[in-house]
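**Q** Structure in structure tokens, see below.
What follows is calculated from the coordinates using simple rules that are stated; it is not laboratory data. Quantities reported herein were computed from a predicted structural model and do not represent experimental measurements. Don't worry about glycine lacking a Cβ; one is built from the backbone with ideal geometry, like all the others, and counts go over all protein chains shown.
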Amino acid sequence: MKFDIQLLLLALAPVFLACVAGELWYLRRQGRLSLYDWRDSVCCACLGLLHQGADKLAWVLVLPLYAWIYQQHRLFQFADSWLSFLLLFIGQDFLYYWFHRVSHRVRWLWAAHSVHHSSTRMNFTTAFRQSLMYPLAGMWVFWLPLAWLGFPPEQVVGVVLLNLAFQFFVHTQACPKLGWLEYVFNTPSIHRGHHAKNPRYIDHNYAGVLVIWDRLFGSYVEESADDPCDYGTVKPVNSFNPLWVSVVEWRDMLREAWRAPNWKDRWTVLFGPPEEAEAAAARWR
């Protein structure tokens, strides 16, 4: 299964590029080419490459831990079948929802995840805008329960990559709402709401593949034409330098933690919700 997934992901690379080209062609015909900015898109592409390098290194380092949990402490022995793969896919998507939600509510993880939200554009190249700091933030920790349940580490890695590959296709403004699919799957409309910084949308729609988690746990909001999405972060980055975009929130967070007058405020700055961390830091600036 690992071999098949790797081949599929390799085959998807030209599909992603074709989608970018198709979106550009469509937006040009619609007179909406301003939804792209070449500087932003180049920054996104560089961030994607940096993320891939950091991700590969992280898996080399943490796979032995996954293997140890799987070999010594797994609860079940799953047969290699499509049913077990489906269970793994659903389980990983459920854990992705919680990783994503925590990444918006804990500043340590937000310092990494904010990179993905830092663009004021929303197009297919935005999907490439990932953080090389995810391993330091601890993204890999969220998938450990899958090895403990009894899923082989290689399959866990493969399904994580498949989930992220699916999410490429929801980063576009060229696709309208998709009817009944909005009740089950993450869609471009749903994800546009997630990327918006409007008060109506902020911290909603954490879905990876299945939006049922948002509907079950009260984090779903519908995109509304009466409140058009305004993209970016509440605290703008204002840079197209991929290295600066990668580290600026970490710099701010660590500097504020260093200057904090007590351990309570230091903890809030590092691990509190971003808005509470900002309020705490504002008291001694």
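**Q** Enter the mean projected area of the convex hull around the alpha-carbon atoms of the range 77-198, in nm², rounded to one decimal.
**A** So the mean shadow area of the Cα hull is 8.4 nm².
**Q** Based on the Kirkwood radius over alpha-carbon pairs, what is the Stokes-Einstein translational diffusion coefficient of the chain at 10 °C with 1.306 mPa s viscosity, in µm²/s?
**A** D = 80 µm²/s.
**Q** Test of understanding: in a Gaussian network model of the chain with alpha carbons linked when under 10 Å, which of Q130, Q77, Q173 would top the mean-square fluctuation ranking?
**A** Its mean-square fluctuation being the largest, the pick is Q77.
**Q** If amide hydrogens are placed 1.01 Å from N in the peptide plane, which non-local residues have theirs closer than 5 Å to the one on F185?
**A** Excluding prolines and chain starts, which carry no amide H, the hits are V211.
**Q** Please report the base-10 log of the normalised intensity I(q)/I(0) for the range 145-285, using a Debye sum with one equal scatterer per alpha carbon and no solvent, at each q in 0.10, 0.11, 0.14 (1/Å).
**A** Summing over Cα pairs of the range 145-285 leads to -0.50, -0.60, -0.91.
**Q** Helix-derived [θ] at 222 nm for the chain: sum -39500 (n - 2.57) over DSSP H runs of at least 4, divide by residue count, nearest 500?
**A** -19500 deg cm²/dmol
**Q** If you don't mind, another one. Which residue, Y183, Y66, Y97, tops the fluctuation ranking in a GNM of the chain built on C-alpha contacts under 10 Å?
**A** Y183
**Q** Most mobile of F185, F217, F169 per a Gaussian network model of the chain (Cα springs, under 10 Å)?
**A** F217
**Q** A further question follows. Explain nothing, just compute: Karplus ³J(HN,Hα) = 6.51 cos²θ - 1.76 cosθ + 1.60, θ = phi - 60°, for every residue of the range 38-48 in order, whole Hz, x for Gly and Pro.
**A** So the J values, rounded to whole Hz, are 4, 5, 5, 5, 5, 4, 4, 4, 5, 5, x.
**Q** How far apart, in nm, are two points set 7 Å out from the Cα along the Cα-to-Cβ line at L49 and at N262?
**A** Placing both labels 7 Å beyond Cα along the Cβ direction yields 4.9 nm.
**Q** How far is the Cα center of the range 220-285 from the Cα center of the range 114-143, in Å?
**A** Cα centroid to Cα centroid, the span is 15 Å.
**Q** Could I ask something else about it? Through the Karplus equation 6.51 cos²θ - 1.76 cosθ + 1.60, θ set to phi - 60°, convert the phi angles of the range 63-68 into ³J(HN,Hα) values in whole Hz; use x for Gly and Pro.
**A** Running phi through 6.51 cos²θ - 1.76 cosθ + 1.60 with θ = phi - 60° gives 4, x, 5, 4, 5, 5 Hz.
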